[in-house]
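What follows draws every value from the coordinates through simple rules; no lab data is involved. Note that the structure is predicted; figures quoted are calculated from it, not measured. Counting neighbours? That spans all protein chains shown, and the Cβs are built from the backbone with ideal geometry, glycine included.
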Amino acid sequence: MKNLLRCALALLFVAAVATTPVLAENKGEKEIHALLNDALSAFKAKDLDKMMSFYDHSASLVAYDVVPPVQYTGWDSYKKDFGDFFALFDGPISDEASDMAIVAEGNLGYSRMVEHVTGKQKNGQPMDMLVRVTDVYRKNKGKWLIIHEHVS
């Protein structure tokens, strides 16, 4: 009975390890991980131009955000959304990412994470929100860009 229990526990451990997302396993995943770190830094600094440099600069970019109109189509539309969001804050924004997973193969990849965003708004009210973020990336001419984003 003890051997059967040990065997079952060993199989559960192997199954858990095999299904756990591995962060930055291959070259593409490492590149996307670096992009995400740079994007988080740009977000915290409210650096709109740097932030938008990680997105496909075209009308085909689609993003779903937590604020109306909820769906943003095109780079210009999403840039305005980010600008409006950054303008809400008086001072820095804190953004802590957790539960991050990245997958990349060929010229496509995706990531998912949970972000905890906090800061003081210009109206004096604190902002403290937890959001889930999923991004889809395409690599073109050696550069990964976000082609679709979903924030909820």
- [ ] Quickly work out the Asn123-to-Glu25 label distance, labels modelled 7 Å from Cα along the C-beta direction, and quote it in nm with one decimal.
- [x] 4.5
- [ ] Set the Förster distance to 30 Å, then compute FRET efficiency between Lys141 and Thr73 from the Cβ-Cβ distance, nearest 0.05.
- [x] 0.80
Open item on the list: As a quick test, which of the pairs Lys79/Lys122; Lys44/Lys139; Lys46/Lys139; Lys120/Lys141 have an alpha carbon distance above 28 angstrom in this structure?
Closed with: Lys120/Lys141
Open item on the list: Once the convex hull of the alpha carbons of the stretch 58-152 is built, what does its volume come to per residue, in cubic angstrom?
Closed with: 102
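Where does the charge balance sit around Ser77 when Lys and Arg score +1, Asp and Glu -1, over other residues with C-beta under 14 Å from its C-beta?
Working: positive: Lys79, Lys80; negative: Asp56, Asp65, Asp76, Asp81, Asp84, Glu149.
With Lys, Arg at +1 and Asp, Glu at -1, the neighbours total -4.
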- [ ] Determine which residues of the stretch 39-64 fall in the zone a paramagnetic label at Ala87 would reach in this model, i.e. backbone nitrogen under 18 Å from the point 7 Å along Cα→Cβ.
- [x] 46-52
